[in-house]
Amino acid sequence: MRNMLSLISSALCRITGRNAGAQTVSELLIDLSEFVNVSSGETQIQRLPPEPPPGSDRAAQLDSEPVDNTAAQVIVSQQFTEFTPEVTFTIKRCELHGLEEGPPDTAVLTRDQGLSFYRTMQTVRRMELKADQLYKQKIIRGFCHLYDGQEACAAGIEAAIERTDHLITAYRAHGFTFTRGVSAKEILAELTGRKGGVAKGKGGSMHMYAPHFYGGNGIVGAQVPLGAGVALACKYQGNNQICVSLYGDGAANQGQLFEAYNMAALWKLPCIFICENNRYGMGTSVERAAASTDYYKRGDFIPGIRVDGMDVLCVREATKYAADHCRSGKGPILMELQTYRYHGHSMSDPGVSYRTREEIQEVRTKNDPISMLKERMLSNNMASAEEFKEMDIEIRKEVEEAAQFAVSDPEPPLDDLCNCVYHNSPPVEVRGTHPWAKLVSVGNS
């Protein structure tokens, strides 16, 4: 602190021309304010000569003669604080399976990218916390699986692929729905079952969709072979697109995953299989559920990488590497993202019966993806604390407005219940009825 005061004092003395030893910092600031005039977007600083000792001839001369400081005026243009535009960070090295070389252990982050990552992850975090609140108020009902803690996975993956690439995931889908381009308003309205929801209020938490995003799937592990099928379509059409097929550690023991692995490897499909390992499948730790917790090796003949899923830069670089692998015609690749969920498996799970509150708090304190990114940027002068505060205020306001819409928008009418079942016109009558028929009892009362 003393060193900082000394630096401030020296800088002010150079501007005001006063003696540092004779004045405190506060006195120097007062002197500085007397000689700084701000006008027309410019700051004019008048530099005064040092005061001579009392009683000297020069002092008498100064008292009797006006001082002309025109030549000593300094014009300083007002500028914003200059931030570091780009920094190269050392990131955690990935563990490899079936590969000689893996993703780089350094990552370049620009200021704009960092702010974008922060906004994305913080919006998802606030959106999920609001969903938690609405569920406890019984405004959201049914299944609801929250994504807070895992935001770096969704943000990092999206930053590494193209908008035209495809993505399919399990029922913990809110984060990916947002990164694929759906607004927080449409997501929360879907959770509350309103017409303005992304699936018109009929999909709910587990069934949200967007262009090139296939949900949200409620059957454990079923999305993985579907993702392999999307990758088959990419190869068949020759469009240089890939499919990212995500699942959790709980689904990793499903037999259909291994069938999909086999088919994808045989046909060299451009598919990235990603296991989001958040350490607990429902209420069971991975050590109690799997003989081998090396999920990145589960593909056997498919190469794999294990990634720090709490670091958005690690996820981005690893996904870039995996995408290049698939696009080059080498076939599928498997990724394991080591991450963590703060909430329970679903809203019916308090999340503390099979793990301690201290464990959750330790991850929040030491390994939170949002805090890690923020600290990186602040410590490397890529942003200011005020910027992050302003962004937080904007995000809170955005999510609050989305929540207001989600509780005020009307529910879809019952007549819409059977719509969107078929892609074209309603089907013809079969055995005298169709889904839109008003069934009336003709039996005896």
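The values are calculated or read from the model by the stated rules, or taken from the named source; none is laboratory data. None of the values given here were measured: they were computed from a predicted structure. For neighbour counting, all protein chains shown are included, and Cβ atoms are generated from backbone atoms with ideal geometry for every residue, glycine included. Surface areas here come from the heavy atoms of the whole protein model, side chains and all, with no ligands, DNA or RNA. Shrake-Rupley method; radii C 1.70, N 1.55, O 1.52, S 1.80 Å.
Of all residues in the range 281-311 being aliphatic (A, V, I, L, M) and either within 18 Å of LEU246 (Cβ to Cβ) or surrounded by 14 or more Cβ atoms within 10 Å (Cβ to Cβ) (or both), which is nearest to the chain's Cα centre (by Cα)?
In the first step, residues of the range 281-311 are kept if they are aliphatic (A, V, I, L, M); the result is 282, 286, 289-291, 302, 305, 307, 310.
Restricting the remaining residues to those that are either within 18 Å of LEU246 (Cβ to Cβ) or surrounded by 14 or more Cβ atoms within 10 Å (Cβ to Cβ) (or both) gives 282, 286, 289-290, 302, 305, 307, 310.
Values: MET282: 23, VAL286: 25, ALA289: 29, ALA290: 29, ILE302: 28, ILE305: 21, VAL307: 16, MET310: 10 Å.
So, considering only residues that are aliphatic (A, V, I, L, M) and either within 18 Å of LEU246 (Cβ to Cβ) or surrounded by 14 or more Cβ atoms within 10 Å (Cβ to Cβ) (or both), the one nearest to the chain's Cα centre (by Cα) is MET310.
Taking only the range 380-406 into account, find how many residues are part of a helix (DSSP H, G or I) and either farther than 15 Å from ILE139 by Cβ or open to solvent by 60 Å² or more (accessible area, probe 1.4 Å) (or both).
17
Specify which of the listed residues (VAL352, VAL363, VAL307, VAL315) is among the aliphatic types (A, V, I, L, M) and at pLDDT below 95.
Of the residues listed, the single one that is among the aliphatic types (A, V, I, L, M) and at pLDDT below 95 is VAL352.
All but one of (1) farther than 24 Å from LYS92 by Cβ; (2) touching a residue at least 24 places away in the same chain (Cβ under 8 Å); (3) of a type in the set (Val, Ile, Thr) hold for VAL352; state the number of the condition that does not hold.
(2)
Does at least one position in the range 232-243 carry a residue that is farther than 21 Å from MET282 by Cα, free of Cβ contacts under 8 Å to residues at least 24 places away in the same chain, more than 23 Å from the chain's Cα centre (by Cα) and open to solvent by 70 Å² or more (accessible area, probe 1.4 Å)?
yes
Just need a number here: residues in the range 259-280 that are touching a residue at least 12 places away in the same chain (Cβ under 8 Å) and either of a type in the set (D, E, K, R) or more than 13 Å from GLU336 (Cα to Cα) (or both). If you could, list the steps in order and put the result at the bottom.
First, the residues of the range 259-280 that are touching a residue at least 12 places away in the same chain (Cβ under 8 Å): 259-261, 263-265, 267-280.
Imposing the further condition that a residue be either of a type in the set (D, E, K, R) or more than 13 Å from GLU336 (Cα to Cα) (or both) reduces the set to 259-261, 263-265, 267-271, 276, 279-280.
Going through the range 259-280 one residue at a time, the tally reaches 14.
What's the total number of residues in the range 356-379 that are touching a residue at least 12 places away in the same chain (Cβ under 8 Å) and open to solvent by less than 70 Å² (accessible area, probe 1.4 Å)?
Going through the range 356-379 one residue at a time, the tally reaches 11.
Which members of the range 183-205 meet the condition of being within 19 Å of ALA154 (Cα to Cα), open to solvent by 30 Å² or more (accessible area, probe 1.4 Å) and part of a loop (DSSP other than H, G, I, E, B)?
SER183, VAL198
With ARG163, ARG141, ARG172 as the choices, which residue is among the basic types (Lys, Arg), surrounded by 22 or more Cβ atoms within 10 Å (Cβ to Cβ), over 13 Å from the mean Cα position of the chain (by Cα) and part of a loop (DSSP other than H, G, I, E, B)?
So the residue among ARG163, ARG141, ARG172 that is among the basic types (Lys, Arg), surrounded by 22 or more Cβ atoms within 10 Å (Cβ to Cβ), over 13 Å from the mean Cα position of the chain (by Cα) and part of a loop (DSSP other than H, G, I, E, B) is ARG172.
Please enumerate the residues belonging to the range 97-108 that are touching a strand residue (DSSP E or B) at 6+ places or on another chain (Cβ under 6 Å) and touching a residue at least 40 places away in the same chain (Cβ under 8 Å).
Once the filter is applied, which keeps residues that are touching a strand residue (DSSP E or B) at 6+ places or on another chain (Cβ under 6 Å) and touching a residue at least 40 places away in the same chain (Cβ under 8 Å), the range 97-108 yields HIS97, GLY102, ALA107.
From the set of residues in the range 312-329 that are charged (D, E, K, R), touching a residue at least 24 places away in the same chain (Cβ under 8 Å) and open to solvent by 40 Å² or more (accessible area, probe 1.4 Å), which is farthest from PRO350 (Cα to Cα)?
By that ranking, first place goes to ARG327.
Looking at the range 68-102, which of the residues that are modelled with pLDDT under 50 and surrounded by 10 or more Cβ atoms within 10 Å (Cβ to Cβ) is farthest from GLN113 (Cα to Cα)?
For the range 68-102, the residue satisfying everything is ASN69.
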